[in-house]
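Student: Here it is: the structure, laid out below.
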């Protein structure tokens, strides 16, 4: 079991790519070893697939596992979650259905 660290060191920001295909919304993020995705929450269930490398995940304060290439974290609606890259060039791919991705797109528009 791994407790959620209180602090993470400064790292390069993640690189993102967004695709929509076959009714799904994919958001790809590339992380350096040790880099965290900030704790966040969605109003729908989704999965985060490991495309490359390894990652550690937490839902709230609870460690939900370490995953490698081809494995996925299942995230429930309304649960805070965060991930940490365990290897350089770790690729996380968040997978949402198109309908539920609407709130994500609205949040991105509000930030621009």
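Student: Of the residues 18, 29, which is free of Cβ contacts under 8 Å to residues at least 12 places away in the same chain, touching a strand residue (DSSP E or B) at 6+ places or on another chain (Cβ under 7 Å), surrounded by 13 or more Cβ atoms within 10 Å (Cβ to Cβ) and in a strand (DSSP E or B)?
Tutor: 18 is the lone residue from the list that is free of Cβ contacts under 8 Å to residues at least 12 places away in the same chain, touching a strand residue (DSSP E or B) at 6+ places or on another chain (Cβ under 7 Å), surrounded by 13 or more Cβ atoms within 10 Å (Cβ to Cβ) and in a strand (DSSP E or B).
Student: Do you know which of the residues in segment 35-50 that are surrounded by 15 or more Cβ atoms within 10 Å (Cβ to Cβ) and without any contact (Cβ under 8 Å) to a residue 60 or more places away in the chain is nearest to residue 99 (Cα to Cα)?
Tutor: 44
Student: Condition check: in a strand (DSSP E or B), touching a residue at least 40 places away in the same chain (Cβ under 8 Å) and over 18 Å from residue 98 (Cβ atoms). Does residue 64 satisfy that? Steps first, please.
Tutor: On the way: in a strand (DSSP E or B): yes; touching a residue at least 40 places away in the same chain (Cβ under 8 Å): no; over 18 Å from residue 98 (Cβ atoms): yes.
When the stated conditions are applied, residue 64 does not pass them.
Student: Which is at negative phi, modelled with pLDDT under 85 and assigned to a strand (DSSP E or B), of 13, 5, 38? First the steps, then the outcome.
Tutor: Details: 13 fails: assigned to a strand (DSSP E or B); 5 fails: assigned to a strand (DSSP E or B).
None of the other options fit; the residue is 38.
Student: Moving on. Out of all the residues in segment 90-100, is one or more closer than 16 Å to residue 14 by Cα, at pLDDT 95 or above, assigned to a loop (DSSP other than H, G, I, E, B) and in contact with a strand residue (DSSP E or B) (Cβ under 6 Å, 6 or more places away or on another chain)?
Tutor: no
The values are calculated or read from the model by the stated rules, or taken from the named source; none is laboratory data. Just so it is clear, the structure is predicted and the values come from calculations on it, not from any experiment. When we count neighbours, we look across all protein chains shown, and the Cβ atoms used for this are built from the backbone with ideal geometry, even at glycine.
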